[in-house]
Ligand code: GLY
């Protein structure tokens with residue numbers, strides 16, 4: 001069964017923001033679904049969905065990403081293809097409008113992970129749209145950084161991701177983020193670390209959001225997909241999150257198996273998400 005599931009980050013949001021995030025997630029899932037329905041593969045579907053979320057300033061990815069402590073944009077993204085375990089990831093990019101498209105480019109190259117200005121340069125060479133980093137900064141994120149610097153209270157949430165199963169039985173996962181609000185410039189979290197918050201193989205695919213360091217230490221996305229050997233996607237996501245909790249983290253995971261069944265779990269107050277499959281669509285938080 002073809003299906004696409006997206007998440008808009010684990011964390012908390014007021015009712016108005018939650019409604020906007022649900023709408024953004026559903027729109028992204030519909031865009032990915034349109035590709036699946038036309039016979040496109042799971043990779044193209046998750047990249048399309050995550051591109052939509054990167055372009056939506058409601059989410060912490062691409063336009064509207066959180067800022068580092070010194071007010072800079074620092075973007076990470078990853079994509080993994082289940083049928084051949086090809087993976088691509090980028091960290092610390094700032095000029096590439098859609099980092100998930102740059103990560104997608106790496107799927108067909110030898111290099112799995114690229115960082116910093118050389119990664120942006122590769123995107124430019126490949127014709128991916130480039131912007132001045134300040135064009136990705138929204139007034140809301142400037143305000144949030146000011147609040148963070150004044151109070152040290154770190155708000156969570158907003159990393160985006162998608163998993164899909166296509167009509168041929170292939171699965172894929174993609175994740176994109178601006179990292180943590182007020183992080184030290186140069187800090188890299190879980191999003192571009194394959195196996196931590198993005199993973200796919202012939203058994204299924206997972207994308208995660210939350211406390212990056214804990215997801216890396218728990219190898220959470222790989223753990224969730226591995227659990228599909230003996231359990232449902234819901235239980236696989238829950239088991240992976242238990243491992244994240246053990247190392248002091250919180251967050252959420254979306255998981256799809258090779259049959260197109262999916263699971264959603266989170267240990268934060270909310271994780272806005274949406275899904276589309278034949279004859280059905282929905283949102284949750
Ligand atoms: N989960 C996003 C980050 O920690 O960078």
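Structure data summary
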read-out	value
DSSP bridge pairs, the chain: antiparallel proportion in percent, nearest 5	95
Rh (Kirkwood; distinct C-alpha pairs) - region 1-122, Å	15.1
Cα coordinate range in region 1-65, projected on the principal axes (Å, largest first)	37, 22, 15
DSSP-defined antiparallel bridges as percent of all bridges, region 158-276, nearest 5	95
Rg over Rh, two decimals, region 70-171 (C-alpha only, Kirkwood Rh)	1.05
Gaussian network model of the chain, springs between alpha carbon atoms under 10 Å - residue of 261, 143, 48 with greatest fluctuation	143
Value of D in µm² per second that Stokes-Einstein yields for the chain, Kirkwood Rh from Cα pairs, at 25 °C (0.890 mPa s)	138
Neighbour-count ranking [beta-carbon atoms within 10 angstrom, fewest first] of 110, 16	110, 16
Reference-scaled alpha-carbon Rg (2.2 N^0.38 Å with N residues) for region 177-264	1.03
Alpha-carbon gyration tensor eigenvalues x 5, square-rooted, for region 127-219, Å	29, 17, 11
Taking the chain and dividing mean pair separation by its residue count, relative contact order in percent (alpha carbons under 8 Å, at least six apart)	26
Helix-only CD estimate at 222 nm, as mean residue ellipticity for the chain, using -39500 (n - 2.57) per DSSP H run (n ≥ 4)	-10500 deg cm²/dmol
Mean Cα-pair separation over length for region 24-181, i.e. relative contact order, pairs under 8 Å, 6 or more apart, %	33
Value of relative contact order over region 187-285, rounded to a whole percent, pairs C-alpha under 8 Å and six or more apart	23
Fewest-first ranking of 1, 114, 80, using other Cβ atoms within 10 Å as the exposure measure	1, 114, 80
Relative packing of peptides 266-273, 169-176 - highest average C-beta neighbours within 10 Å first	169-176, 266-273
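No lab work stands behind these numbers, since they all come straight from the coordinates. A quick note: this is a predicted structure, and the numbers were derived from the prediction, not measured. Cβ: placed from backbone, ideal geometry, glycine included. Neighbour counts: every protein chain shown.
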